[in-house]
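**Q** Below are the structure tokens for one structure; questions will follow.
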Amino acid sequence: MKTFHRVLIAAAGAAVIGSVAAWAAGEYKKPAEYDFSFEGPFGTFDRAQLQRGFTVYENVCAACHSLEHLDFRHLGMDGGPFDEQGMAVAGMEELYSPDPNQNEVIRQIASRTMVEDGPDEYGDMFMREGRPADDFPSPWENEAQGRAANGGAYPPDLSVITKARYGGPEYIRSLLMGYDYEVPEDLDIRPGNYYNPYMSGEVIAMPPVLYPDGVVYEDGTEATVDQMATDVAAFLHWASEPHLEARKRMGVAVMLYLLLLCGLLYAAYRTLWRNVKH
Amino acid sequence: MSGPSTYDPKTGIERWLDSRLPIIRLGYDSFVDFPTPKNLNYWYTFGGILTVCLMIQILTGIVLAMHYVPHVDYAFASIERIDRDVNFGWLLRNIHAVGASMFFLAVYLHIFRGLYYGSYKAPREVLWILGVVIYLLMMAAAFLGYVLPWGQMSFWGATVITELFGAIPLVGGPITEWLWGGFAVGNTTLNRFFSLHYLIPFLIAGVVGLHVWALHVPGNNNPTGISVKTSNDTLPFHPYYTVKDGFAIAVFLVIFAAFVFYAPDVLGHADNYIEADPLVTPAHIVPEWYLLPFYAILRAVPDKLGGVILMFGAIGVLFILPWLDTSKVRSMRYRPMAKWFFVGFLIACLGLGWAGAELPDNPVPILGAVGIDFLFFGRVLTLYYFAYFLVILPVLGFVEKPKERPASIDAAVTGGKSAAPAAAPAE
């Protein structure tokens with residue numbers, strides 16, 4: 001019986017190791033490790049970092065990449081870059097409102113874009129300033145226009161990008177900093193393409209977009225390539241998982257409750273069965 | 001075992017109802033006073049756990065369906081809306097998606113428990129067959145549900161699986177188009193998949209009812225495989241097993257919650273967060289983990305039709321298992337040879353899952369040094385999978401010498417010092 005159990009445990013162990021190995025296997029360079037503040041069971045977003053990351057998105061990424069599943073108001077929801085904590089970090093408490101549509105910072109951000117609205121009372125469409133309740137506008141009229149402007153490669157939507165790529169935010173960060181590697185001799189890179197070992201297939205149509213001081217951070221942080229790549233990766237992870245903080249917070253309470261329940265039920269079980277030989 | 005009813009209606013209302021619709025009597029006899037072997041171990045708690053899984057899936061699914069839009073242009077966006085804007089939508093969707101995996105984890109442990117303790121043998125053949133029907137319906141529901149978010153794996157998984165029917169000679173093409181409702185996986189397909197995904201859980205609930213009914217006629221099997229003989233062998237289901245199952249369910253929920261709150265996407269595939277694009281095929285189309293062994297069996301055969309037949313055969317063989325196993329002894333506790341073949345079977349199933357996740361040409365770690373790739377690995381394990389049912393179990397019944405079994409369940413747990421009848425009738 002002992003041998004039997006040992007074999008079973010060994011088989012289960014091998015299965016776990018095997019499946020981890022299977023998931024970890026890949027054909028391209030592993031993203032570099034980075035300790036983001038939102039990792040781990042108690043991780044939270046660094047609001048200042050989310051705000052810097054949004055600056056990078058707005059000034060660099062947004063030229064080609066849409067964020068179609070997000071509205072401006074999402075920026076001010078709990079757990080986002082301009083929630084109560086975020087506004088305090090930025091020293092703008094007096095502009096905060098629990099209703100993201102009334103948040104002054106978000107109204108300003110939205111007003112920097114023009115959106116089509118209508119039809120008006122005469123049946124005509126018209127352009128107006130963006131409002132917090134509007135979607136982030138796409139840089140392209142349609143996919144064909146995006147392809148035409150980018151040598152045939154459509155810049156993917158970034159709403160859920162960290163969940164749509166293995167490695168998540170670390171992948172985004174490594175990819176954005178991954179243009180300095182020497183091109184392998186056997187690899188033929190056509191014009192309009194770039195070598196990037198973190199990309200699946202190691203060839204990417206996106207040119208390097210981050211250069212030192214490419215953006216000006218309002219909090220005075222120096223805009224190095226590493227800093228911008230890290231900040232925008234964090235911002236895009238928030239965009240993919242806007243309820244990450246609520247999820248982890250609720251997780252702690254649920255786990256504590258369930259563990260207590262387990263303890264009580266185990267005690268009940270032992271008490272009930274104590275006189276039964278089984 | 002489901003002997004005379006011991007329900008005694010105490011109040012006037014209960015007596016009134018009992019003579020018209022004895023539903024309280026049914027519940028009392030089935031879940032309160034039901035005589036249950038007293039030696040059931042934790043492997044026997046998965047029936048209760050699976051009931052909880054089904055209820056969780058149905059409840060979260062009904063609410064998710066209130067917010068989901070089954071249209072190719074809006075399905076992906078509606079999932080994002082659920083995650084972002086629906087109150088606790090992220091929680092519902094995580095529970096539902098993780099719940100599918102937990103449901104399969106539990107059902108696999110439940111099935112392997114049945115295989116080890118011989119729970120499929122007479123008089124429980126119908127109980128076992130109903131279980132296989134539930135398992136089939138679960139796979140259908142899981143596959144259909146995975147299509148609904150309309151991500152890349154949804155679309156391409158649906159394409160690969162529906163095209164399998166195209167392998168059927170003559171009628172394969174028309175059947176595939178009939179399933180699609182068109183000439184490719186499209187909006188009509190998504191609509192009917194949503195409809196069927198909503199229907200199947202209720203079919204499962206119905207078959208679960210039959211499964212429990214079929215369980216309560218002969219009563220539970222138990223780790224000794226010896227039939228219940230006297231009331232010394234049993235305990236009333238309530239409170240003994242309600243509390244033990246309750247504890248097991250709570251432990252299961254801890255694991256469930258760990259995934260929901262701390263790794264909600266780890267069991268899924270990143271590509272399914274990319275909206276479906278019929279013009280871009282993902283580099284690797286792989287099913288969810290719980291279907292990987294069947295995917296490996298499908299790929300083990302060089303011929304498409306042969307692969308499809310073998311894949312469905314892998315489940316079909318379970319239907320006739322009660323008649324393939326020739327041993328009179330139920331529990332492998334007392335079957336010194338079968339026990340080791342069972343371990344081999346367990347390893348084969350896990351290995352097939354591994355082979356299903358890998359590309360067929362990839363070398364197997366360590367074994368790759370002698371030129372073994374996952375295709376060959378999968379073929380060997382497929383062979384063992386079928387040999388276990390079609391050769392090993394039929395032959396073992398004749399060549400294996402079972403170990404001596406205790407006279408009764410009571411004797412097994414008390415070390416044989418109990419006043420059990422000396423001459424045990426045949427099982």
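The values are calculated or read from the model by the stated rules, or taken from the named source; none is laboratory data. Predicted model, so just to flag it, every value in this text is computed and none were measured. Please note: Cβ atoms are built from the backbone with ideal geometry, for glycine as well, and neighbour counts cover all protein chains shown.
Rundown of residues vs (1) more than 30 Å from B:G225 (Cβ to Cβ); (2) surrounded by fewer than 19 Cβ atoms within 10 Å (Cβ to Cβ); (3) modelled with pLDDT of 95 or more, yes/no style:
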| residue | (1), (2), (3) |
| --- | --- |
| B:T326 | no, yes, yes |
| B:A348 | no, no, yes |
| B:E358 | yes, no, no |
| B:V364 | yes, no, no |
| B:A369 | yes, yes, no |
| B:I372 | yes, yes, no |
| B:G378 | yes, no, yes |
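**Q** Now for a separate question. Cβ-Cβ below 8 Å, separation at least six or inter-chain, first residue in segment B:397-409 and under 15 Å from B:N221 (Cβ atoms), second acidic (D, E): which pairs?
**A** Cβ pairs passing all conditions: B:S408/B:D233; B:I409/B:D233.
**Q** Report those helices (runs of 4 or more DSSP H) wholly inside segment A:69-172 carrying at least 1 residues which are touching a Lys or Arg at 6+ places or on another chain (Cβ under 9 Å).
**A** Those helices (runs of 4 or more DSSP H) span A:84-89, A:104-111.
**Q** Any idea how many residues of segment B:231-257 are more than 7 Å from chain A (Cβ to nearest Cβ) and under 16 Å from B:F103 (Cβ atoms)?
**A** Adding up the residues that qualify gives 5.
**Q** Right, another one. Would you call A:A63 of a type in the set (A, V, I, L, M, F, W, C), under 30 Å from A:E141 (Cβ atoms) and in the same structural domain as A:L158 (by TED's automatic domain parsing)?
**A** Spelling it out, A:A63 is indeed of a type in the set (A, V, I, L, M, F, W, C), under 30 Å from A:E141 (Cβ atoms) and in the same structural domain as A:L158 (by TED's automatic domain parsing).
Residues checked against (1) β-branched (V, I, T); (2) without any contact (Cβ under 8 Å) to a residue 60 or more places away in the chain:
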residue: B:G27; (1), (2): no, yes
residue: B:P37; (1), (2): no, no
residue: B:T45; (1), (2): yes, no
residue: B:C53; (1), (2): no, yes
residue: B:G61; (1), (2): no, no
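**Q** Something else now. Counting only residues that are part of a helix (DSSP H, G or I) and within 11 Å of chain A (Cβ to nearest Cβ), how many does segment B:83-94 have?
**A** Residues of segment B:83-94 part of a helix (DSSP H, G or I): B:83-84, B:89-94.
Imposing the further condition that a residue be within 11 Å of chain A (Cβ to nearest Cβ) reduces the set to B:83-84, B:89-91, B:93-94.
Final tally of qualifying residues: 7.
**Q** Moving on. Give me the pairs: first residue in segment A:121-144 and free of Cβ contacts under 8 Å to residues at least 40 places away in the same chain and over 20 Å from A:V160 (Cα atoms), second residue small (G, A, S) and surrounded by 10 or more Cβ atoms within 10 Å (Cβ to Cβ), beta-carbon distance under 7 Å, and six or more apart or on different chains, which are they?
**A** Taking only residues 6 or more apart or on different chains, the pairs are A:D124/A:G118; A:M125/A:G118; A:F126/A:G118; A:E129/A:S111.
**Q** Moving on. When the residues of segment B:259-279 are filtered to those that are among the hydrophobic types (A, V, I, L, M, F, W, C) and more than 7 Å from chain A (Cβ to nearest Cβ), which remaining residue is nearest to the chain's Cα centre (by Cα)?
**A** Per the stated criteria, the residue is B:L267.
**Q** Of everything in segment A:50-79 that's within 14 Å of chain B (Cβ to nearest Cβ) and more than 16 Å from A:D135 (Cα to Cα), which residue is surrounded by the fewest Cβ atoms within 10 Å (Cβ to Cβ)?
**A** In this case the residue turns out to be A:D78.
**Q** Restricting attention to segment A:199-250, which residues are within 14 Å of another protein chain (Cβ to nearest Cβ), among the small types (G, A, S) and buried (at least 20 other Cβ atoms within 10 Å of the Cβ)?
**A** Of everything in segment A:199-250, those that are within 14 Å of another protein chain (Cβ to nearest Cβ), among the small types (G, A, S) and buried (at least 20 other Cβ atoms within 10 Å of the Cβ) turn out to be A:A239, A:S240.
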